[in-house]
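*Asks:* Can you read through this structure? Questions will come right after.
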Amino acid sequence: MNPSSQSTTPIVLQSFEDWLVLDKPAGMHSVAQASSEGSSVEAWLREQHPELAQLPESGLCHRLDQWTSGCMVVARTAAAHARLRANFGDAGSGVRKVYLALARKGLAREGRFRLHFESRYKRSAKVTVSEGGNAWSAGRCIWRVQASGPAGHERVEVELIGPGRRHQIRAGLAHLGHPLAGDALYGGTELSGLGGPALHAWRITLEGRDIVAEPPVTFR
């Protein structure tokens, strides 16, 4: 488990009538793994909130990579699950997802990218990034450098525009020459206190509500 995490199990940040938001710790899978290796938010929800076990993936409405911490939305009813999943997939739904990353120093203070993200095969570990491609593979981000970070890195606020693509922030910033600390897959350097890429789902805005997950100490 990532030693910089604030907790080794999820924490409920906000609870509403038919959905809630968790703070997922780094090092925890989103969904149960076929190999049964490592803990998962899905399994934790089944244990702590057994009423959600009947829902797909125990109500999870989206996923985060294993080493990404922060905001995760969980539906409490089948109707909410369908509605929120649709919102996450609709660029015009008003959902906002803002992350914090520790990226290699040197990014422009503000910027944006529109790149294309594809995997060579279904379970490919790495995503290939290109300047052009089909509309379905496109991913957009806006970033702003917040502050200097540890050991040649900067803390960067990154907003995903639209539904998002797999490894969009990690692979996108690496393509620009600024991989995340701890992200060996995309050329990032090791950083003490990290078990994987330094990425945190900091803020989510959904159905008029704005929820923030305080970042692990490494980001501060």
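The values are calculated or read from the model by the stated rules, or taken from the named source; none is laboratory data. Computed from a predicted model, the values in this text were never measured in an experiment. Every residue, glycine as well, gets a Cβ built from its backbone with ideal geometry; the counts of neighbours run over all protein chains shown.
*Asks:* Could you list, in sequence order, the residues of region 66-77 that are buried (at least 23 other Cβ atoms within 10 Å of the Cβ) and within 16 Å of TRP19 (Cβ to Cβ)?
*Replies:* Within region 66-77, CYS71, MET72, VAL73, VAL74, ALA75 meet the criteria.
*Asks:* How about region 22-40: which of its residues are touching a Ser or Thr at 6+ places or on another chain (Cβ under 8 Å), crowded, with 22+ Cβ neighbours inside 10 Å and either of a type in the set (A, V, I, L, M, F, W, C) or in a loop (DSSP other than H, G, I, E, B) (or both)?
*Replies:* Of everything in region 22-40, those that are touching a Ser or Thr at 6+ places or on another chain (Cβ under 8 Å), crowded, with 22+ Cβ neighbours inside 10 Å and either of a type in the set (A, V, I, L, M, F, W, C) or in a loop (DSSP other than H, G, I, E, B) (or both) turn out to be PRO25, ALA26, MET28.
*Asks:* Quick one: which of ARG209, ARG203, ARG220 is charged (D, E, K, R) and either within 27 Å of GLU131 (Cα to Cα) or out of contact with any strand residue (DSSP E or B) (no Cβ under 8 Å at 6 or more places or on another chain) (or both)?
*Replies:* From the options ARG209, ARG203, ARG220, the qualifying one is ARG220.
*Asks:* Here's a follow-up. Give region 161-220 a look and list any residue that's without any contact (Cβ under 8 Å) to a residue 40 or more places away in the chain, surrounded by fewer than 23 Cβ atoms within 10 Å (Cβ to Cβ) and touching a helix residue (DSSP H, G or I) at 6+ places or on another chain (Cβ under 8 Å), or say none.
*Replies:* Hits for region 161-220 are GLY187, GLU190.
*Asks:* How many residues does region 172-201 contain that are closer than 15 Å to LYS105 by Cβ and part of a strand (DSSP E or B)?
*Replies:* 1
*Asks:* From the residues in region 175-184 that are aliphatic (A, V, I, L, M) and more than 16 Å from the chain's Cα centre (by Cα), which one is farthest from PHE117 (Cα to Cα)?
*Replies:* Selected residue: ALA184.
*Asks:* So which residues in region 64-74 are of a type in the set (Val, Ile, Thr) and in a loop (DSSP other than H, G, I, E, B), if there are any at all?
*Replies:* THR68
*Asks:* Here are VAL41, VAL73, VAL95: which of them is among the aliphatic types (A, V, I, L, M), without any contact (Cβ under 8 Å) to a residue 40 or more places away in the chain and closer than 30 Å to CYS141 by Cβ?
*Replies:* VAL41
*Asks:* Go over the candidates THR205, THR218 one by one and state the one that is modelled with pLDDT under 90 and of a type in the set (S, T, N, Q).
*Replies:* Exactly one residue qualifies, and that residue is THR218.
*Asks:* Picking from ALA80, ALA86, ALA108, which residue would you name as being surrounded by fewer than 17 Cβ atoms within 10 Å (Cβ to Cβ) and modelled with pLDDT of 95 or more?
*Replies:* Of the residues listed, the single one that is surrounded by fewer than 17 Cβ atoms within 10 Å (Cβ to Cβ) and modelled with pLDDT of 95 or more is ALA108.
*Asks:* Any chance region 123-139 includes a residue that's exposed (fewer than 15 other Cβ atoms within 10 Å of the Cβ) and modelled with pLDDT of 95 or more?
*Replies:* no
*Asks:* Could you tell me how many of the residues in region 57-91 are of a type in the set (Lys, Arg) and within 22 Å of VAL212 (Cβ to Cβ)?
*Replies:* Of the residues in that region, 2 qualify.
*Asks:* Can I ask one more? In region 41-65, how many residues are buried (at least 20 other Cβ atoms within 10 Å of the Cβ) and not hydrophobic (A, V, I, L, M, F, W, C)?
*Replies:* Of the residues in that region, 5 qualify.
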